[in-house]
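See structure below.
The values are calculated or read from the model by the stated rules, or taken from the named source; none is laboratory data. Just so you know, these numbers come straight off a predicted model, no measurement behind them. Counting neighbours? That spans all protein chains shown, and the Cβs are built from the backbone with ideal geometry, glycine included. Protein only, heavy atoms only, side chains kept; ligands, DNA and RNA dropped before computing areas. Shrake-Rupley method; radii C 1.70, N 1.55, O 1.52, S 1.80 Å.
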Amino acid sequence: MTAPIETTGAASDAQSEAVLAGADKGRIEGRSLGQIAWTRFKRDRVAVAGGVIVILLILLAILSRPLQALFGLDPNTFHQDLIDANTSLPKGSWGGMSADHPLGVDPKFGRDIATRVLEGSWVSLVVAFGATILSNVIGAIMGVVAGYYGGRVDAIISRLMDVFLAFPLLLFAIAISATLQGGAFGLNGLPLHLAVLIFVIGFFNWPYLGRIVRGQTLALREREFVDAARGMGARGPYILFRELLPNLVGPIIVYSTLLIPTNIIFEASLSFLGVGIQPPQASWGGMLREAVTYYQVDPQYMIVPGLAIFITVLAFNLLGDGLRDALDPRSR
C-alpha cells in the first residue's frame with residue numbers, strides 16, 4: 001500500500017515540475033494598447049495597403065526636388081518640338097507618351113506631365129498636412145476646454161463652433177485667397193499662396209474636430225483618474241494637457257487621416273478655380289484647370305492629375321478607416 005502512494009507522489013511532483021517548466025518557457029506577457037491596436041491594424045490588409053501607398057506618396061513628395069535634380073527634370077521646361085504647331089496638341093498618340101515622357105506632355109507647351117505631377121505632390125501634401133495640424137491644434141484645445149469646464153465656457157465655445165460651421169467656406173476662401181494674391185505679411189509668390197491656403201483651410205475647419213474632442217472630454221472628465229488628479233491638488237491646465245489630451249490621441253489621429261484627403265481636395269478645388277496655387281508652379285488642381293480646354297481632344301492631360309488626386313484621397317481614407325477600427329473596435 002505504501003509503495004504505490006510514494007510512486008504516485010513522485011509522479012505528481014515530476015508532473016508539477018514539468019508544468020512549471022513549460023509555464024516558465026511560455027510565459028505570458030501583457031501587451032500595451034498600442035501593441036493591441038497594431039495587431040488589429042495588421043489584420044486589415046486593405047488598410048495596410050492604403051498605409052503603404054500613403055508612405056510612398058509622402059516619400060515621393062519629400063524627394064520630388066532631389067529626384068528632379070538627380071535626373072535633370074524640370075516641370076517648367078518647354079518642349080515645343082513635341083507640339084503640333086497647327087493644333088497645339090502633343091504629337092503622337094496618348095498625349096505624346098514616350099520613353100522620355102512616360103505620361104506624355106501637356107498641350108501648347110510640351111511640359112512633362114510626370115514631372116509636373118511629381119512637383120504638384122509636395123504642394124498638395126504641404127497644404128493638406130499644414131491645414132490639418134492647424135485645425136487639430138485649435139480644435140483639440142477648444143474642444144477639451146469646452147468639455148472639461150462646461151457651463152458658460154462650453155456654451156460660448158459651442159456657439160463659436162456653430163458660427164464657424166455656418167460660414168460658406170468655399171466662397172470665403174475664394175474671397176480671401178483672391179484678395180491676398182499680390183502680397184501680404186511680407187510674403188509673395190509661392191510661400192504666400194501656401195500660407196494663405198493653410199490658414200484658410202485649417203482655421204475654418206477646426207470646429208469639426210472640436211466637437212469630437214468635446215464629446216470625448218465630457219465622458220472622460222468623470223473618470224477615476226481625473227478625480228484622482230483633482231484629489232491630489234492638480235489644477236485645470238495640468239488636467240487638460242497631462243490627463244485628458246493624452247487619452248484623446250486616438251480620435252485625433254483617426255480624424256486627421258480622414259481630414260487630410262478632404263484638405264487635398266479643397267486645395268485642388270481652389271487651384272482649379274484659379275485662387276489657389278498660381279502658375280507656373282505645378283499643382284494638381286491647376287493642371288485640371290488647364291486640361292478643361294483640351295479634355296475632349298487630349299483626355300490624357302486630365303486623366304493623370306485626376307488619378308493622382310483619386311489614388312491619394314483613396315489611400316488616406318482606407319488608412320483612416322483601418323486606424324479607426326484598430327483604435328476603437330466598437331466602431332466595427
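Annotation note: of TYR238, TYR255, the sole residue that is touching a helix residue (DSSP H, G or I) at 6+ places or on another chain (Cβ under 9 Å), buried (at least 21 other Cβ atoms within 10 Å of the Cβ) and aromatic (Phe, Trp, Tyr) is TYR255.
With respect to being part of a helix (DSSP H, G or I) and either closer than 30 Å to LEU314 by Cα or in contact (Cβ under 8 Å) with a residue 60 or more places away in the chain (or both), LEU160 falls outside the description. In this structure, PRO168 does satisfy being open to solvent by 60 Å² or more (accessible area, probe 1.4 Å), closer than 29 Å to PHE272 by Cα and at pLDDT 80 or above.
The numbered conditions (1) in contact (Cβ under 8 Å) with a residue 12 or more places away in the chain; (2) open to solvent by 50 Å² or more (accessible area, probe 1.4 Å) are all true for ILE303 except (1).
Report, ordered by the first and then the second residue, all pairs with beta carbons closer than 9 Å, sequence separation of six or more or different chains, a first member in region 267-289 that is farther than 19 Å from SER64 by Cα and open to solvent by 10 Å² or more (accessible area, probe 1.4 Å), and a second member that is part of a helix (DSSP H, G or I) and of a type in the set (Lys, Arg). Once the first residue is farther than 19 Å from SER64 by Cα and open to solvent by 10 Å² or more (accessible area, probe 1.4 Å) and sits in region 267-289, its partners that are part of a helix (DSSP H, G or I) and of a type in the set (Lys, Arg) give PHE272/ARG289; LEU273/ARG289; GLY274/ARG289. Evaluation of VAL226 against the conditions (1) more than 26 Å from LEU323 (Cα to Cα); (2) open to solvent by 40 Å² or more (accessible area, probe 1.4 Å) shows that the sole unmet condition is (2). When PRO90 is tested against the conditions (1) over 23 Å from HIS193 (Cα atoms); (2) in contact with a Ser or Thr (Cβ under 7 Å, 6 or more places away or on another chain), the lone failure is (2).
Condition first: small (Gly, Ala, Ser), at pLDDT 90 or above, out of contact with any strand residue (DSSP E or B) (no Cβ under 6 Å at 6 or more places or on another chain) and buried (at least 16 other Cβ atoms within 10 Å of the Cβ). Can you find one or more residues in region 83-95 that meet it? No. Closer than 28 Å to PHE316 by Cα and modelled with pLDDT under 90: is that true of PHE41 in this structure? The answer is yes for PHE41.
Cβ-Cβ below 9 Å, separation at least six or inter-chain, first residue in region 237-250 and within 14 Å of VAL145 (Cβ to Cβ), second basic (Lys, Arg) and assigned to a helix (DSSP H, G or I): which pairs? Going by the 9 Å Cβ cut-off, the qualifying pairs are ILE239/ARG230. Scanning region 40-49 for residues that are in contact (Cβ under 8 Å) with a residue 12 or more places away in the chain and not hydrophobic (A, V, I, L, M, F, W, C) yields ARG40, ASP44.
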